[in-house]
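A short write-up of the structure that comes next.
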Amino acid sequence: MRSYLFVPGDSARKMEKGMGCGADALIIDLEDSVAPSAKETARQVTAEFLREAKGAAGRPRLFVRVNDLASGHTAADLDGVMEAGPDGIVQPKACGGTDVAHLAAMIAVREAEFGLDDGVTRIMAIATETARSIFALGTFRGASHRLAGIAWGGEDLSADLGSEGNRDANGHYTDPYRLARSLTLMGASAAEVDAIDTVYTNFRDLDGLAAECRDARRDGFAAKMAIHPAQVPVINETFAPTPEEIARARAIIAAFDADPNAGVVAIDGEMIDMPHLKRARRLMSRV
């Protein structure tokens, strides 16, 4: 999974367009992009789309972003879409493992009610949208077997902090947001799930997007969220392992498989140890 594209849950046209843009996953949004008066309509449109799209060959994975637990809309969102069997639920404003466990229990009830396989619905938590949530980024480990990834977001956090903006004059994130990004990476690693980079809001600046993708991949993020179909090819290209990287990872894994008791192996004159093996296996899990 490299790319997650947001599409509004009340627009069947935009969902259909998203299906063909090459994104690894769509995030059908019932939260920020849907007005309060349109929530119920969005649930109905989303459920209908899910039922039709799930049978499509080569389709992206289909996630639904529900409203946060404090909103009072989460149960209605799940009631509206779970029967259609989304691949996953995106949890906004997640404040640590407790919130994920709460959502997981709500999902489990509906899987049983609608005859879905137990545990089939995954969770992606967006975990930095409030100041309070920053202090809970170390609590996701073991929260739920459904947890597949932890993402960060700077727009809601900016509103919560009362910031005038989250980037400096050069377009770089300022310190509070760099901290949130770094702690998300640490929290995801501690929980042994994917770290997912936030959206790049200037969808016309593809060069800036590419640079931000390269930085994210370098640091350890596995994927990035998108707000426009034009961003998807850039994200996919950057986060996809190259043939050379795949070949090297396979060689490292094969060398340790050939000598399971070795702590260090030599490949092309370079000493390779356990951190290299861990990185190789992590890379191959994304192929």
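Below, the figures for the structure above:
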item	result
Selected residue [touching a Leu at 6+ places or on another chain (Cβ under 8 Å) and farther than 17 Å from Lys93 by Cα] from Ala191, Ala108	Ala191
Filter pass, Leu277 being within 30 Å of Arg13 (Cβ to Cβ), aliphatic (A, V, I, L, M) and assigned to a helix (DSSP H, G or I)	no
Residue check, Leu69 buried (at least 19 other Cβ atoms within 10 Å of the Cβ), touching a Leu at 6+ places or on another chain (Cβ under 6 Å) and assigned by TED's automatic domain parsing to the domain that holds Glu129	no
Single residue of the range 123-155 satisfying the filter (in a loop (DSSP other than H, G, I, E, B) and of a type in the set (A, V, I, L, M)) that is surrounded by the fewest Cβ atoms within 10 Å (Cβ to Cβ)	Ala136
Residue that is modelled with the highest pLDDT, among those in the range 148-205 that are among the basic types (Lys, Arg) and more than 16 Å from the chain's Cα centre (by Cα)	Arg178
Boolean, Thr46 is assigned by TED's automatic domain parsing to the domain that holds Arg146, surrounded by 15 or more Cβ atoms within 10 Å (Cβ to Cβ), of a type in the set (S, T, N, Q) and farther than 29 Å from Ala136 by Cα	yes
Within the range 1-60, considering residues that are outside any helix (DSSP H, G or I) and among the charged types (D, E, K, R), the one nearest to Met225 (Cα to Cα)	Arg2
Selection from the range 194-242 of residues that are touching a residue at least 12 places away in the same chain (Cβ under 8 Å), in a helix (DSSP H, G or I) and under 30 Å from His145 (Cβ atoms)	Cys213, Ala216, Arg217, Asp219, Val232, Ile235, Asn236, Thr238, Phe239
Qualifying residue in the range 42-62 (condition: closer than 30 Å to Ala131 by Cβ and in contact (Cβ under 8 Å) with a residue 60 or more places away in the chain)	no
All positions within the range 251-273 that are within 27 Å of Thr238 (Cβ to Cβ) and either at pLDDT below 85 or part of a loop (DSSP other than H, G, I, E, B) (or both)	Asp268
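The values are calculated or read from the model by the stated rules, or taken from the named source; none is laboratory data. Treat the numbers as computed from the prediction; the structure is a model and nothing was measured. Please note: Cβ atoms are built from the backbone with ideal geometry, for glycine as well, and neighbour counts cover all protein chains shown.
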